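The values are calculated or read from the model by the stated rules, or taken from the named source; none is laboratory data. Treat the numbers as computed from the prediction; the structure is a model and nothing was measured. Reconstructed Cβ throughout: ideal geometry from the backbone, glycine too, with neighbour counts over all protein chains shown. To get the accessible areas, we keep the full protein, side chains included, count just its heavy atoms, and leave off ligands, DNA and RNA. Shrake-Rupley method; radii C 1.70, N 1.55, O 1.52, S 1.80 Å.
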Amino acid sequence: MPQSQPNNPLHGYTLEVIVSSLADYYGWDELGEMIPIRCFTHDPSVKSSLKFLRKTPWARKKVEDLFVYTLETYGESDEGAPEA
C-alpha cells in the first residue's frame, strides 16, 4: 500500500504537470519574467523545459517553489485555475 506524504505538497504531481500547470496559469511570458531561465523565455515548450529542469536542480527548485506558492495562494480547481 502506498504511503501518504502529508508534509510533501508536491506529492502526486509530476514535473510535467507542474510545468504545464504553471504555463497554463501564468503564460510563458509571465513565467519567464518570474523565473528568468532560457527555457521559459526563448521558444518555450514543456518538452524543452522538462529537459532543462531535470538536469538543473536549482532551476527545478524555483519552479517547484512557485508551484507550491501558487497552490497555497490561489488554491486548486479542476480547470487548473485558481478558485474564485
query = So LEU66 clears everything in (1) open to solvent by 40 Å² or more (accessible area, probe 1.4 Å); (2) modelled with pLDDT of 95 or more; (3) within 13 Å of TYR13 (Cβ to Cβ) except one condition, right? Which one?
reply = (1)
query = If we only count helices (runs of 4 or more DSSP H) wholly inside the range 1-57, which ones have 3 or more residues that are open to solvent by 30 Å² or more (accessible area, probe 1.4 Å) and out of contact with any strand residue (DSSP E or B) (no Cβ under 8 Å at 6 or more places or on another chain)?
reply = 15-26, 28-34, 46-55
request  = Give the residues of the range 1-51 that are touching a residue at least 40 places away in the same chain (Cβ under 8 Å) and β-branched (Val, Ile, Thr), sorted by residue number.
outcome  = ILE18, VAL19
